[in-house]
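The structure appears below as structure tokens.
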Amino acid sequence: MTNTIYDITHESDAILMVGTNPECAHPVIGMQIRQAVARGAKLIVVDPRDIDLAKQADIHLKLRPGTNVAFANGMMHIFIEEGLTDEKFISERTENYEAMKEAVREYTPEKVGEICGIDPDKLREAARLYASADRAPVMYCLGVTEHHTGTEGVMSLSNMALMVGKIGRPGCGVNPIRGQNNVQGACDMGASPNQFPGYQNISKEGIVEKFEKAWGVALNHKEGTKATDCFPKMINKEIRGLFIFGEDPVRTDPNTHHVIKALESLDFFVVDELFMTETAKLADVILPGISYAEKEGTFTNTERRVQRIRKAVAIAGEAKPDTWIFTEIMNRMGYPQPHLTPAEIMDEIALVTPSYGGISHGRLDSEEVGGRGLQWPCPAADHPGTPIMHVGKFARGIGYFRPAQYVPSTELPDEEYPLTMMTGRILYHYNACAMTDKTAGINEIAGESFIELNTLDAKSLGIEDGEKIAVSSRRGSIQTTAHVSEKTRAGECWMPFHYIEGGANWLTNDALDGISSTPEYKVCAVKVEKL
Amino acid sequence: MQITINGRNIEAAEGSTILQTARREGIEIPTLCYLEGVNDIGSCRLCVVELSGSEELVPACNTKVKEGMVILTHSERVKAARRMVLNLLLSEHYGDCFSCEKNGDCELQKYCIEYGVETTEFTGARKEKNFKKKDAHPFLSYDPDRCIECQRCVKTCSHVTGRGAIWLGKTGMFSIIDAPFGEDWKNTLCESCGNCAQACPTGALTVKRRKAYRAWEVEKVRTTCPHCATGCQMDLVVKNGKIVDAVGADGPSNHGLLCVKGRSGSFDFVDSPERIRYPLIKNKATGEFERATWEEALSLTASKFTEIKNQYGGEALAGFACSRSANEDIYMLQKMVRTVFGSNNTDNCARV
């Protein structure tokens, strides 16, 4: 996020939410959005479903899934047409505006209304409301990124914010509401095929050399393969050995059959896990690691805030700290890595990662920080951290408009598979459920997979609410329970991805975003049948 | 502006209340229904203070300061009034403290001890009504016999979580908290977050597992929730080396709030019987996992990866990190892949 959770929910005049359902996926942010609405902030919800916050919204654009780029281009077309742009901001702080203007010229509200399946006048209202509010953040989540044009979707939202000068100020910004507790940190830490810690690009001159010097070893200079691109490479034997630390791709990656086939093709497969997950079952060796409650360390939240986790308990058995496991493997494979405490590891991170340069466990535990964590960039021990980014100047210097064109989703409905299926999270479970399904009460409330079907589609198929049905795509077939309502539009349906039994990812499409290789979880074609 | 509290001259801020001013100065005034920024209905009357020139005692929580006010927070008259308030509250508060999960952590009990009110002189009228306990919900329970109608739960649900699933109802002459934990709990707006229970000053609205521990038996460990990226701060409650509860702490992104996953889904898994507690190696012949020593498992791991690397090169190896784990873990995982696997085939679940 460019901004903080506090300022976008407490200091904004309007909030524009695109493809995010925080009441389920980030409930404590959802609570603060409800508070914002109660204090009078306007709310625009752009989402293909009637999520609960849509009921409180001033405007709900219930657009067709996969049409975010068209939506954003339509908004910008209206900004220009109605003189809602911030010309001063554009001229002083941005470049490539002429190309941007040209790119959105054809995206008239009427054309966009047709692509997105929304009322052009409601799009006009949304554009006016967002542009004319003094302070308005864009918040987005996987509804934007999980498309084959997800990266273009994000850039389009950024273009929108640039055009109306809503960046670098409290209550504004472009704010991805990131998923897992430490997905921000995982990217910051350089678990990435093309970047070392702190987004230092492998391709940039001197970076590999910097780490060769810091670590005292020769390193591979070639960019690696993204996780989602690794699976086909396992099948064709380009990748033969895999170490997975705590992920469960069998449950969370698209096209489950394909993932299983890839993992079974490996010569040697090691998993560091807490539980016998669907993925762990396929391993040759399982190394038992420990959970967040058994270790010291830090998580970095969606607002770039580095906060502590602390050891509360130890459990019986021989499970080991994960850093001990990695250090042992390094030593046994010939790299002399000393065993370090988590605090010492953070000191090493700070040495090689400019944005974490001023962060240490000692400082996070100090009175100065007062339990509020530190938000990166925090380059030095006397730097207070950075709550809001791009104030006065962008990280790259000048803000760049990056025009994008709308391209339809990879797999559109047809005669055989007539419904568009989206996937997402529910309130009660987190991702693969490995943690949440150990709580009996949670399973009592939300123990089973289901599919949300539109009333008209259900009626035409003779399906009743609560009926057990079959759902199939080109990749697989499952059984689940129908929840019939108006929540999705006719021709569209939605499933949670948490469950393995009747799980959505047996059906989802492993088509990838051209830049990020994120799968198109949000759109695939399915058919629904009575049993 | 200048005011006087208990003979001390104090500089007070325009628009602030007597309670806020006193607390800022370290002068403790007891409160029950008051919840900062959420509830200042002044219904419990426990925070009353004596004000020069006013015949009636006034509630400190919602009376704004005025220039020249002279206030007594602990005069005999005030203390007598507070004893009467506690006396009346106790007359509608049934059940004994020993069997209550909030024993030792109850604000009503704390003030009764402080003001020497051990039993009530009155007979409450509500008892005859026999209001039913609501405890069908998996995590939350409401016991009207212990409720003092302070409405902290109602206001927390409507103003803080913004859900509005708890209501103040009426039954005849009695107010009653309409808590959504009865048999029909599945059909209510309740999101099971339990912020209402955290706001309750007594044992009326509780998280059910609260029964398993007493306040003096536990220690609290401040940490960050392991589920989504909001980064809620919370305390894990530890009794005899086991985590028995999680409660919201005042962090910069959550301000004391938690959701159902943080409060009720963040610790049962830690010591679950399903945890893998020993290294396992798959027996190729049977396909079954067998318990191994760390030495065996690590040696096999290192030798097999080295074999593949020597035969096919480092790019035939890959290692994925978990975006649910700590920065320190992830840093070391990518360092392992880059230094000994010899490739940059490292990634995390950000894409999926």
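Each reported figure results from applying straightforward, stated rules to the coordinates on display, with no laboratory input. None of the values given here were measured: they were computed from a predicted structure. Positions of Cβ are generated from backbone atoms using ideal geometry, with glycine treated the same way; all protein chains shown enter the neighbour counts.
Using only atoms on other chains, find how many Cβ atoms lie within 10 Å of each Cβ of peptide B:153-163 and report the average.
Per residue, the number of nearby Cβ atoms from other chains is 3 on average.
Count, for each residue of A:331-339, the Cβ atoms from other chains sitting within 10 Å of its Cβ, then give me the mean as a whole number.
4
Calculate how steeply helix B:294-312 sits against the longest principal axis of the alpha-carbon atoms of chain B, using the helix alpha-carbon long axis, and give the answer as 0 to 90 degrees to the nearest 10.
For helix B:294-312, the angle is close to 50 degrees.
So, how do all the Cα-to-Cα distances of chain B break down into 10 Å bins, in percent, from 0 on up?
It works out to 5, 18, 24, 20, 13, 9, 7, 4, 1, 0, in whole percents.
Let me spell out the model: positive unit charges on the Cβ of Lys and Arg, negative unit charges on the Cβ of Asp and Glu, origin at the Cα centre of region A:419-530. What dipole size does that give, in debye rounded to 20?
180 debye
Given bins 10 angstrom wide, list per bin the percent of all Cα-Cα distances in region A:419-530, short to long.
The calculated distribution, bin by bin, is 15, 45, 32, 8, 0.
Report the one residue of B:314, B:234, B:297 whose Cα lies farthest in the direction of the positive end of the charge dipole of the protein assembly as shown (charges on C-beta: Lys and Arg +1, Asp and Glu -1; origin at the Cα centre).
The residue sitting farthest along the positive end of the dipole is B:234.
With 30 Å as the limit, write out which pairs from B:110/B:134; B:129/B:186; A:295/B:211; A:233/A:281; B:170/B:208 have Cα-Cα distances beyond it, or answer none.
As for pairs spanning more than 30 Å Cα to Cα, there are none.
When the dipole is taken about the Cα centre of the protein assembly as shown, and only Lys, Arg (+1) and Asp, Glu (-1) are charged at their Cβ, what size is it in debye, to the nearest 20?
840 debye
What ranking, highest mean first, results for peptides A:452-462, A:10-20 when packing means the other Cβ atoms within 10 Å averaged over each residue?
Packing proxy ranking, top to bottom: A:10-20, A:452-462.
So for each of A:192-203, B:3-14 I average, over its residues, the number of other beta carbons within 10 Å; can you give me the resulting order with the highest mean first?
Ranking the peptides A:192-203, B:3-14 by packing returns A:192-203, B:3-14.
Given just the C-alpha atoms of region B:218-275, how large is their convex hull per residue in cubic angstrom?
73 Å³
From the residues A:183, A:494, A:230, which one has its Cα farthest along the dipole of chain A in the positive direction, the dipole being from +1 and -1 charges on Cβ of Lys/Arg and Asp/Glu about the Cα centre?
The one lying farthest along the dipole's positive direction is A:183.
Per-residue mean of other chain beta-carbon atoms within 10 angstrom of the beta-carbon, peptide A:280-287?
For this peptide, the per-residue mean of nearby foreign Cβ atoms is 6.
Between B:43, B:325, B:91, which gets the highest mean-square fluctuation from a Gaussian network model of chain B, Cα cutoff 10 Å?
Greatest mean-square fluctuation among the candidates belongs to B:325.
Which order do peptides A:51-64, B:77-90 fall in by mean Cβ count within 10 Å, highest first?
Ranking, from highest mean packing down: A:51-64, B:77-90.
Return one quarter of the surface area of the convex hull spanned by the alpha-carbon atoms of chain A, equal to its mean projected area, in nm².
25.5 nm²
Answer with one residue from A:156, A:51, A:31: the one whose Cα lies farthest towards the positive end of the charge dipole of region A:5-177, charges on Cβ with Lys, Arg +1 and Asp, Glu -1.
The one lying farthest along the dipole's positive direction is A:31.
Which whole-percent values make up P(r) of region A:202-266 when all C-alpha to C-alpha distances are grouped in 5 Å steps starting at zero?
4, 15, 21, 17, 11, 13, 11, 6, 1
If you put +1 on each Lys and Arg Cβ and -1 on each Asp and Glu Cβ, how big is the dipole of region A:485-531 around its Cα centre, in Debye rounded to 20?
In total the dipole reaches around 180 debye.
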